[in-house]
Amino acid sequence: MYNTTTRRGLLRAGAGAGLALAAPSIVRAQGSVAVAWPTKPITIVVNFPAGGLTDGIARAFSQHVTQATGQQVMIDNKPGASGNIGAALVSRAPADGTVFLHTVSSTLVQNRVMFKTLGFDPDKDLTIISGTSSGVLPVVVHKSVPATNLKEFIDYAKKNKVNFGSWALGSSAHIFAQALNEKYGLTIEVVTYKGETPMWQDMGAGSLQAAMGSVQAMNALLIKGDVRGIAAPSAVRAKRLPDLPTSREQGFTDDVFTVRGWLALAAPAATPKEIVKRMSDLWVAAADSEPGRKMMDSFDLTEKPMPHEAVTKDYEVLKATVIPRIVALGLKPQ
């Protein structure tokens, strides 16, 4: 898919290579041949639809990569199977620094428990290059639901049918809703989507009574008054929703109600270390670029992306923390 060559593509690659001479690049000695990176356009596969947090950050940060290297970066949205389709595609791509994956941590962590077959091995087939905190993902209810906090929502769910939107199977939203079911004897039905955009469309139409996701993606509904925040399931309040208490502030102190995750930039596992290091540096620096800062602000993100070594360590922490929670909640693989 990514090796198709056209005359136009060759001309563009040639022009890009000329630009790359003036831009920072990696040169590795392979025998007597010097190989620079990048010398060809780069594709970043986003395994969720356009319009959500994962897609927005990828598009903004890729602008910095283009400016810094002189090579075009193309975003290719490949949603489906809670991110597995796009991730599997990248896992089989050439490990030459031309194809990357931008995904959510649940694709790499939760999905291994939620699916019997992924189509790839997160630990063996991919290398995580950088991780950008997903920030605060508020829980909101449709305006028709008379709840202003988590306790009132639980009381409502005990007496009424509730559909809870999740952008992927096994996502933080899915775990949060299932934790409410398990701990309070509820029967909330988790409705799984291919990403945030279709989820919020249904939320606006009133098909969902509750959902959880990024502030920017739900912003239009907040402005119109179609949804109302009831909790910030995080360690801190959302900067753009300063009056919305965290779950812990509302007395829900179990760790399952304080969710954490990040957006992962990854590459095929055999990608050379020099390219991994260079792309990691570019991705971290992208947060300080003009398009990066604007996108970070719009999604209420304040933490800088983790470089390769840091995110690799945190990946192990996340697996050790989240996977036992899923097992404890009795979520069965599909």
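The values are calculated or read from the model by the stated rules, or taken from the named source; none is laboratory data. These numbers were taken from a predicted model, which means no experiment stands behind them. Note: ideal-geometry Cβ built from the backbone for every residue, glycine included; neighbour counts use all protein chains shown. All accessible areas refer to the heavy atoms of the entire protein, side chains included, with ligands and DNA or RNA removed. Shrake-Rupley method; radii C 1.70, N 1.55, O 1.52, S 1.80 Å.
Some observations on this one:
- Condition check for ALA50: in contact with a strand residue (DSSP E or B) (Cβ under 6 Å, 6 or more places away or on another chain), open to solvent by less than 10 Å² (accessible area, probe 1.4 Å) and at pLDDT 85 or above: no
- Residues that are within 14 Å of ALA68 (Cα to Cα), assigned to a helix (DSSP H, G or I) and out of contact with any Gly (no Cβ under 6 Å at 6 or more places or on another chain), drawn from the stretch 268-313: ARG278, MET279, SER280, ASP281, LEU282, TRP283, VAL284, ALA285, GLU290, PRO291, GLY292
Results for (1) at pLDDT below 95; (2) buried (at least 22 other Cβ atoms within 10 Å of the Cβ), shown as yes or no for each residue.
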| site | (1), (2) |
| --- | --- |
| ASN149 | no, no |
| GLY165 | no, yes |
| GLY170 | yes, yes |
| GLU196 | yes, yes |
| TRP200 | no, yes |
| LEU208 | no, yes |
| MET212 | no, yes |
| GLY225 | no, no |
| ILE230 | no, yes |
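- Some residue of the stretch 296-309 being among the small types (Gly, Ala, Ser), under 17 Å from LEU126 (Cα atoms) and touching a residue at least 40 places away in the same chain (Cβ under 8 Å): no
- Of all residues in the stretch 172-190, those that are in contact (Cβ under 8 Å) with a residue 60 or more places away in the chain have Cβ atoms under 7 Å from Cβ atoms of residues that are among the aliphatic types (A, V, I, L, M) and surrounded by fewer than 19 Cβ atoms within 10 Å (Cβ to Cβ), 6 or more apart or on another chain, in ILE175/LEU329; GLN178/LEU329; ALA179/LEU329; GLU182/LEU329.
- Under the condition of being under 30 Å from PRO94 (Cα atoms) and free of Cβ contacts under 8 Å to residues at least 12 places away in the same chain, the residues counted in the stretch 116-147 number 2.
- For the stretch 232-257, filtering for residues that are open to solvent by 30 Å² or more (accessible area, probe 1.4 Å), touching a Ser or Thr at 6+ places or on another chain (Cβ under 9 Å) and more than 23 Å from LYS143 (Cβ to Cβ) leaves 7.
- Qualifying helices (runs of 4 or more DSSP H) (wholly inside the stretch 63-147; at least 1 residues being of a type in the set (Ser, Thr, Tyr) and touching a Leu at 6+ places or on another chain (Cβ under 8 Å)): 84-91, 105-108
- Considering each residue of the stretch 176-188 in turn, none proves to be buried (at least 18 other Cβ atoms within 10 Å of the Cβ), of a type in the set (S, T, N, Q) and closer than 21 Å to ALA50 by Cα.
- Members of the stretch 82-105 that are of a type outside the set (S, T, N, Q), in contact (Cβ under 8 Å) with a residue 60 or more places away in the chain and either more than 22 Å from PRO272 (Cα to Cα) or open to solvent by 10 Å² or more (accessible area, probe 1.4 Å) (or both): GLY83, LEU89, ARG92, ALA93, PRO94, ALA95, ASP96, VAL104
- Looking only at the stretch 113-134, residues that are farther than 19 Å from LYS277 by Cα and in contact with a helix residue (DSSP H, G or I) (Cβ under 8 Å, 6 or more places away or on another chain) come to 9 in all.
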